[in-house]
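Below is one structure, written out as structure tokens; comments come after it.
Rule-based calculations on the coordinates, nothing more; no lab input. What you see is a predicted model; the values in this text were computed from it and never measured. Cβ atoms come from the backbone with ideal geometry, glycine included; neighbour counts cover every protein chain shown.
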Amino acid sequence: MKVPSRRILGLISALAIVATACSASVTKVEVVSWWTTGDEATGFNAVIEQFSKGNPSIQVTNSAIADGAGAVAQAALQNRVLNGVPPDTFQTVMGHELLDTYVMPGYMDNLDDLYSANGWTTQFPQGVLDIVSAKDSSGKVHYYSVPVSIHRANLLWFNKSVFSANNLTPPATWDQFVTVADALKAKGITALAVGDRGIWANGQILETILIGTLGAGRYAGLWTGSTDWSGPDVKAALTTYQKVLTYVNADHSSLSWDQAVDYLIPTGGSAQPRAAMTIMSDSAAGEFDGKTFADYGWAAVPGTDKIYDAYADSFGLPAKAPHKDAARSFLTFLGSASAQDLFNPYEGSIPANTDAGNPAEGVRQYSAYQKWAMSEWRIDAIVPSLEHAVAAAPSWKGAFETAVAAFVAKPDVGALQAALVQACKDAAVCG
């Protein structure tokens, strides 16, 4: 057997050293999101791929956790972060979910340097800045996450063909909704599809009715203590809610939110869908578009025109993140207009960065809905969504949902209002 020469062995050794050095120069960044399926996963993967092209020394891995609305992912993330083994960055909803769960207990680093270096204090609207920030003991404001997408919760989606065939227009008030729903019922058509296997979807309906009844300012006051939960306007909203629930599909408790959205799509060769309307965030647009269904229209939920019930997905930096410098590079890209124009056309949301809105040629463009939403975002009053973890602490949100679940099972306006009053007191916001 021929023995390799010393020269060849030396070359092999040198190549091994180079390979090891190259391998060592690549920093792996773990990201955790709940974007696991459909267009949202496609969009986020496109962002990661684009970042990787410009940053070959950083390898981003999306350790996505599936479960639809994110509840399972949020529980898993809390377990990791609170036990000191966080990913490098992770998806969280701006507002109380971020601030109460992670920032106040000291689990997150601030991102003040990124905000300053990238001009984000002028590129993100003040309403967004307010809910990604917190003050320290001296009163100085610090920023804790990078918003990637803005969602709207108060949307009424409808099947255009059904409305056209029955000479109906989208209801702008709840009285008009009842008129439309009665007309549909007379034709044997379910008016409103609901999927509350996750009770938050039904709570979202109540949230939007409260907004429409109270208006932007007084609705926001529910979460600060300036609006009385025991007042007559809240009772009026709860009475409207009770009426609306008489028009929903009988199998609502067995459906997820996306299955209810699908009730607007005709199936099995039938031109008639299983329902004419649904109330859902703009995630519904992604569901429709992902299934190549174009016969849908949208409007603000009755009573909420020119009010934007907002929530946003964002990413922060854990204090114990293992690869902080590389994570900061990825967060910088996530906050850019180019990254947000790459992701949001897939997600159905709109960009948080106001410099965005013009995707490059050759990539997916914004839909008609998204263009409408971006124009609304610039002029609407912005209020925080409860059901999407912006308006109130997680424990208060949980108490709200418990009260809603009890009401759906046994409608009693007085009992529901009493439970909501008590929830505010338990949150130490109401006296």
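For this structure, a couple of remarks:
- Using a Förster distance of 45 Å, the FRET efficiency for A405-E49 (Cβ separation, nearest 0.05): 0.65
- Ranked for footprinting exposure by Cβ neighbours inside 10 Å, fewest first, T169, T190 give T169, T190.
- Rounded FRET efficiency, nearest 0.05, which uses the C-beta distance separating N166 from S138 and R0 of 56 Å: 0.35
- Here r is the Cβ-Cβ distance between F293 and A236 and R0 is 56 Å; the resulting FRET efficiency, rounded to 0.05, is 0.95.
- Ranked by how many other beta carbons lie within 10 Å on average, peptides 220-226, 381-387, 181-187 from highest: 381-387, 220-226, 181-187
- Candidates V128, A201, L184 compared by Cα position along the dipole of the range 124-232: farthest toward the positive end lies L184, with charges placed on Cβ.
- Distant-in-sequence amide contacts of Y296, defined by a placed amide H-H separation under 5 Å and a gap of 5 or more residues or a different chain, comprise K160.
- Under 11 Å, Cβ to Cβ, from K320 - net charge with Lys/Arg +1 and Asp/Glu -1: 0
- Over the chain, dividing the summed -39,500 (n - 2.57) contributions of all DSSP H runs of at least 4 residues by the number of residues returns a 222 nm mean residue ellipticity of -14000 deg cm²/dmol.
- Sequence-distant residues sharing a close amide H with V32 (under 5 Å, placed H): S63, T89, F90, Q91
- For Q59, residues with placed amide H under 5 Å, excluding near neighbours: T27, K28, V29
- Phi-derived couplings, Karplus 6.51 cos²θ - 1.76 cosθ + 1.60 at θ = phi - 60°, listed residue by residue for the range 277-287: 9, 8, 10, 7, 5, 6, 4, 4, 4, x, 5 Hz, with x used for Gly and Pro.
- Cα pair count fraction exceeding 38 Å, expressed as % - the chain: 26
- Distance (nanometres) between label positions extended 7 Å along Cα→Cβ at T224 and K28: 4.7
- In summary, the lysines within cross-link reach of K320, defined as a Cα separation below 18 angstrom excluding same-chain residues under 8 places away, comprise K28.
- Burial ordering of R152, R378, R364, fewest other beta-carbon atoms within 10 Å first: R378, R364, R152
- Given +1 at the Cβ of Lys and Arg, -1 at the Cβ of Asp and Glu and no other charges, the dipole of the chain around its Cα centre is 880 debye to the nearest 20.
- The angle between the Cα long axis of helix 368-379 and the main principal axis of the chain comes to about 80°, on a 0 to 90 degree scale.
- Cβ-based exposure ranking for I379, I211, I65, in which fewest neighbours within 10 Å come first: I379, I65, I211
- Per-residue ³J(HN,Hα) for the range 197-203, Karplus 6.51 cos²θ - 1.76 cosθ + 1.60, θ = phi - 60°, Hz, x for Gly and Pro: 4, x, 4, 4, 5, 6, x
- Cross-link reach is defined here as a Cα-Cα straight distance under 20 Å, omitting same-chain residues fewer than 8 places apart; for K140 the aspartates and glutamates meeting it are D100, D109, D112, D113, D130.
- Sequence-distant lysines (8 or more away, or on other chains) whose Cα lies within less than 20 Å of K185: K160, K243
- Length-normalised contact order for the chain - Cα pairs under 8 Å, 6+ apart - percent: 24
- Where both bridge residues fall in the chain, DSSP classifies roughly 65% of the beta bridges as antiparallel.
- Peptides 160-167, 412-419 ranked from most to least packed give 412-419, 160-167, packing being the mean of other C-beta atoms within 10 angstrom over each peptide's residues.
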